[in-house]
1. Quick one: count up the residues across segment 217-236 that are surrounded by fewer than 21 Cβ atoms within 10 Å (Cβ to Cβ) and either on the phi > 0 side of the Ramachandran plot or under 11 Å from the mean Cα position of the chain (by Cα) (or both).
2. Considering P242, P262, P272, which residue is touching a strand residue (DSSP E or B) at 6+ places or on another chain (Cβ under 9 Å) and surrounded by fewer than 21 Cβ atoms within 10 Å (Cβ to Cβ)?
3. For segment 282-301, name all the residues that are more than 17 Å from C380 (Cβ to Cβ), touching a helix residue (DSSP H, G or I) at 6+ places or on another chain (Cβ under 7 Å) and not in a loop (DSSP other than H, G, I, E, B).
4. Please indicate, with yes or no, whether at least one residue in segment 63-86 is farther than 30 Å from G288 by Cα, in contact with a helix residue (DSSP H, G or I) (Cβ under 7 Å, 6 or more places away or on another chain) and outside any strand (DSSP E or B).
5. Residues in segment 197-235 that are in a loop (DSSP other than H, G, I, E, B) and of a type in the set (F, W, Y): how many?
6. Would you please name the residue that is nearest to Q417 (Cα to Cα), looking only at residues in segment 197-215 that are within 15 Å of the chain's Cα centre (by Cα), surrounded by fewer than 24 Cβ atoms within 10 Å (Cβ to Cβ) and of a type in the set (A, V, I, L, M)?
7. If we keep just the residues of segment 59-76 that are out of contact with any Leu (no Cβ under 7 Å at 6 or more places or on another chain) and aliphatic (A, V, I, L, M), which is surrounded by the most Cβ atoms within 10 Å (Cβ to Cβ)?
8. S390: more than 30 Å from N225 (Cα to Cα) and touching a residue at least 24 places away in the same chain (Cβ under 8 Å), yes or no?
Amino acid sequence: MRVSALFGTTRRSAPTEELVVHQLLLRAGFVQQLATGLYSYLPMGWRTEQKIRRILREEMNALGGQELCMPMVHPADLWQRTGRWNTVDEVLLRFQDRRGRDMVLALSHEEVVADLTAANVSSYRDLPRIVYHIQTKFRDEARSRGGLVRTREFTMKDSYSLDRDQAGLERAYIAHFHAYFKIAARAGIPVVAVLSDVGMMGGHLAHEFIYLTDDGEDTLVFCDNCGYAANQEVAASALPEPETEAERELEEVETPGAATVPELAAFLKVDPSRIAKSVAFMAELERGQKPQLVLALVPGQSEVNLACLRNATGAVELRAATPDEVKRAGGVPGYMSPRGLPEGAAIVVADEAIARRRNLVTGANREGWHLRNFNLARDCRVDSLARLASATTGDPCSICGTPLRIRRGIEYGNIFQLGTDYSVSLGALYNDEEGQQLPVVMGSYGIGVGRMLACIAEEHHDDRGLALPIGVAPYEVALISVGHDQPVTQLAEATYRQLEDAGVEVLFDDRDASPGVKFADADLRGIPLRVTISPRSLKAEGAEFKRRIGEPRTVSRGSILAEVLEELDALRREEREWVSAQMEPVAALAARTFSGGS
């Protein structure tokens with residue numbers, strides 16, 4: 001490809017509100033925003049995306065996966081039969097076609113796979129199977145962010161395992177666990193696996209694969225001693241030992257101006273962990289239902305884990321309650337607790353740590369007053385107990401007690417053990433050897449292609465632009481012709497034809513532009529190897545070779561092709577060695593992770 005004919009240009013600047021790596025993708029001419037959360041892939045970015053897809057296909061095929069393609073538009077009936085029509089919030093875009101039939105834009109394909117399985121699997125001989133596709137999805141995100149990290153329309157590789165029993169599902173799950181590390185390694189990104197919430201997918205076990213970066217939107221919890229790793233949504237720290245001191249008499253104490261935990265702790269000279277903090281939310285328990293007040297009780301120093309609160313209440317939608325909503329329920333903002341609320345005014349969910357402690361401080365539902373010696377079981381009605389407090393830095397690990405560590409990251413993929421819920425709902429059944437009809441056991445496994453590109457850009461860049469691995473770079477070689485001297489242009493043209501004939505992916509910058517512009521654009525695009533032919537290089541009887549990150553060297557004009565091929569082979573060899581090093585600990589990690597069974 002000649003740069004003079006290339007569609008899409010580099011940019012010298014990009015919106016400053018975007019993440020640095022997304023600015024680089026915009027400046028390199030890989031993507032262009034159409035609207036909030038909607039991006040076009042320009043030819044450069046599309047070539048890299050196609051290489052990511054190739055990696056995905058090769059690794060899914062290696063698992064025995066069979067590629068198919070399912071529609072992006074689904075009839076609502078499938079989602080209604082599984083219950084997700086009512087339990088998934090507004091990220092699921094619902095609409096009606098011209099005949100008034102309810103439809104959805106897919107954000108995943110579990111329903112369709114179960115429906116296909118019902119029509120195509122009837123016997124144990126038809127199992128196990130793995131099917132996958134690489135398809136457009138849509139999530140009507142309220143706040144798209146981070147460029148390709150959280151978009152509304154996106155491309156996903158989603159695969160689905162179909163098995164006779166739980167043991168088969170576990171084998172498929174572990175196989176995908178290995179494959180996801182291999183895919184990430186081949187794309188040049190180091191990742192970690194963490195436990196995660198099953199969320200809208202359902203099932204009973206899930207892992208996320210995370211690229212660690214301070215710019216990530218996910219919060220991860222790690223124990224450096226025992227290896228515990230989990231998304232903060234499901235991470236649990238060790239509970240305190242149950243306290244056995246005698247319950248003292250509940251008493252009111254005046255606390256003027258102490259409406260926050262720090263103010264209250266300082267005023268009463270108590271540790272924040274001795275305060276039962278009430279946090280008010282409004283929960284929509286079913287789509288279209290009037291929201292109800294939910295009161296979450298957590299230790300004063302803790303934040304409420306929204307995923308845990310959703311799971312505890314079954315809420316479809318959850319948001320912070322306004323002061324007016326708290327007042328209408330009979331509560332006093334800043335001094336609220338379940339004690340003294342009218343019967344049925346709120347759903348009360350308390351953290352298990354609160355239930356283990358005695359004689360705490362909490363709100364009195366009276367301006368300027370709190371309660372001392374609050375004891376949960378004695379002094380209020382609680383609808384449920386749950387692990388509501390978000391694990392954070394320094395909390396003791398629930399397994400070994402070592403202080404936990406917090407990191408941020410980007411979720412590039414996830415895997416779920418779905419079980420039989422979708423199969424039962426949609427009639428995906430098979431007959432076993434005895435003729436007994438049983439539901440197919442399903443697993444679901446997703447990777448965001450755009451997110452992979454964002455992670456690659458984050459991992460492989462410098463202050464001049466992208467610096468991409470050879471396996472995902474849009475071109476292998478950037479050939480640059482400097483000046484208008486006939487010997488230069490003749491050798492550059494001949495080299496371009498030679499490289500193309502040899503099957504080398506080459507981007508030839510033949511523009512009438514300054515050397516500085518050409519070098520800057522090659523650096524922005526992240527192409528691994530740059531070959532420059534200039535009057536200066538011809539004086540040395542050859543061309544200048546330079547890796548994207550490396551020092552230049554001169555090669556003779558008669559050996560340009562051979563040197564390019566040798567250099568590309570070296571880059572591929574180094575890539576294979578890096579992949580091998582990344583995969584070396586995965587078998588031991590999988591053995592530890594699944595040693596007790598799933």
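The values are calculated or read from the model by the stated rules, or taken from the named source; none is laboratory data. As the structure is a computational prediction, the values presented were derived from the model and not from experiment. Because the Cβ atoms are built from the backbone with ideal geometry, glycine has one as well, and the counts that use them run over all protein chains shown. Note: areas computed on protein heavy atoms with side chains; ligands, DNA, RNA excluded. Shrake-Rupley method; radii C 1.70, N 1.55, O 1.52, S 1.80 Å.
1. Within segment 217-236, residues that are surrounded by fewer than 21 Cβ atoms within 10 Å (Cβ to Cβ) and either on the phi > 0 side of the Ramachandran plot or under 11 Å from the mean Cα position of the chain (by Cα) (or both) number 4.
2. The unique qualifying residue is P272.
3. Of everything in segment 282-301, those that are more than 17 Å from C380 (Cβ to Cβ), touching a helix residue (DSSP H, G or I) at 6+ places or on another chain (Cβ under 7 Å) and not in a loop (DSSP other than H, G, I, E, B) turn out to be M282, A283.
4. There is at least one residue in segment 63-86 that is farther than 30 Å from G288 by Cα, in contact with a helix residue (DSSP H, G or I) (Cβ under 7 Å, 6 or more places away or on another chain) and outside any strand (DSSP E or B).
5. Of the residues in segment 197-235, 1 are in a loop (DSSP other than H, G, I, E, B) and of a type in the set (F, W, Y).
6. A206
7. M60
8. For S390, the condition - more than 30 Å from N225 (Cα to Cα) and touching a residue at least 24 places away in the same chain (Cβ under 8 Å) - is not met.
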